[in-house]
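Below: the structure, in structure tokens.
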Amino acid sequence: MGAAKTSVIVSDTLAHPEWLPVGIGLGLIGAGCALNHSAFEQRIQQNLHARTGPDFQVQWDDYLQWSPVLEMYIGDLSRMPGKDHWFDQTKYLVMADLLSTAITYGLKKATHKIRPNGGLESWPSGHTTFAFTNATVLFEEYRAGSPWLAGSGYLLASGTGFLRMLNNKHWFSDVLAGAGIGMLSATFIYRVKPLKRFNPFIKSKQMSILPWLGYHSISGYFVCRF
């Protein structure tokens with residue numbers, strides 16, 4: 001009877017992949033809480049720091065966190081089959097990032113965890129939260145039409161979290177919790193869909209977006225013809 005019930009749960013999950021980020025996100029947050037301040041994560045950080053050396057520092061994580069956003073708009077420009085209109089994508093992206101950022105920085109202020117490099121406000125990782133929020137928005141938009149594109153955002157987001165650890169900016173539990181918060185926040189926005197009917201560009205004829213990644217910023221231009 002137990003095996004049959006487990007089989008039904010697994011089948012239902014596979015039949016509704018939109019709920020995968022919820023289960024995975026809850027698991028990541030649980031693991032992040034369980035490993036917070038643990039000797040295990042301290043050993044991980046010590047081993048990483050011993051391999052990279054005390055002077056290791058790269059800025060790739062500052063840019064990699066934006067990669068799922070760029071992928072989403074490149075998919076739009078390439079006319080790949082996404083779920084929503086580009087304005088709705090942007091609307092839900094902004095809402096999801098605002099929600100996850102508010103949760104993350106609220107927890108940072110509440111926990112006062114020290115970073116591996118001695119800095120403040122370590123738990124959870126803001127970069128990782130942002131990256132996984134964006135990756136989940138990409139997943140929601142392209143999981144039906146382009147599964148490979150939808151899943152690629154999580155790979156890039158995982159790279160962001162790993163680089164935060166390599167740069168000695170975050171512990172393992174910081175990255176796990178940030179990833180879970182990002183996934184749950186974006187999934188919540190896509191289930192609730194605030195301002196669902198608000199889209200002043202729904203009748204636009206043509207749209208062009210060209211993102212531009214600078215050294216310390218991300219920008220671009222936008223053209224729309226009605």
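Observations on the structure shown:
- Residues that are under 30 Å from H37 (Cβ atoms) and aromatic (F, W, Y), drawn from segment 87-114: Y105
- Here G75 clears all of (1) buried (at least 18 other Cβ atoms within 10 Å of the Cβ); (2) under 15 Å from the mean Cα position of the chain (by Cα); (3) of a type outside the set (F, W, Y); (4) farther than 20 Å from P124 by Cβ except the condition numbered (2).
- The residue list P21, P68 contains one member that is assigned to a helix (DSSP H, G or I), surrounded by 22 or more Cβ atoms within 10 Å (Cβ to Cβ) and modelled with pLDDT under 95, which is P21.
- F201 being assigned to a helix (DSSP H, G or I) and in contact (Cβ under 8 Å) with a residue 24 or more places away in the chain: no
- Counted residues, segment 135-177 - those being assigned to a helix (DSSP H, G or I) and farther than 18 Å from F40 by Cα: 23
- Meets criteria (of a type in the set (G, A, S), buried (at least 22 other Cβ atoms within 10 Å of the Cβ), in contact with an Asp or Glu (Cβ under 8 Å, 6 or more places away or on another chain) and touching a residue at least 12 places away in the same chain (Cβ under 8 Å)) for G153: yes
- Where H49 falls short, out of the listed (1) farther than 30 Å from S146 by Cβ; (2) assigned to a loop (DSSP other than H, G, I, E, B): (2)
- Cβ-Cβ distances below 7 Å connect the following pairs, each with a first residue in segment 168-183 that is of a type in the set (A, V, I, L, M), a second residue that is part of a loop (DSSP other than H, G, I, E, B), and a separation of six or more residues or different chains: V175/S125; A177/W123; A177/P124; I181/P124.
- Flag for D61 being in contact with a helix residue (DSSP H, G or I) (Cβ under 7 Å, 6 or more places away or on another chain), under 16 Å from F139 (Cα atoms) and not hydroxyl-bearing (S, T, Y): no
- Answer from T90, T128, T101 - the residue that is among the hydroxyl-bearing types (S, T, Y), without any contact (Cβ under 8 Å) to a residue 12 or more places away in the chain and either farther than 23 Å from I29 by Cα or not in a loop (DSSP other than H, G, I, E, B) (or both): T90
The values are calculated or read from the model by the stated rules, or taken from the named source; none is laboratory data. The structure presented is a predicted model; accordingly, all values stated were derived computationally and were not measured. Note that each Cβ is placed from the backbone with ideal geometry, even for glycine, and that neighbours are counted across all protein chains shown.
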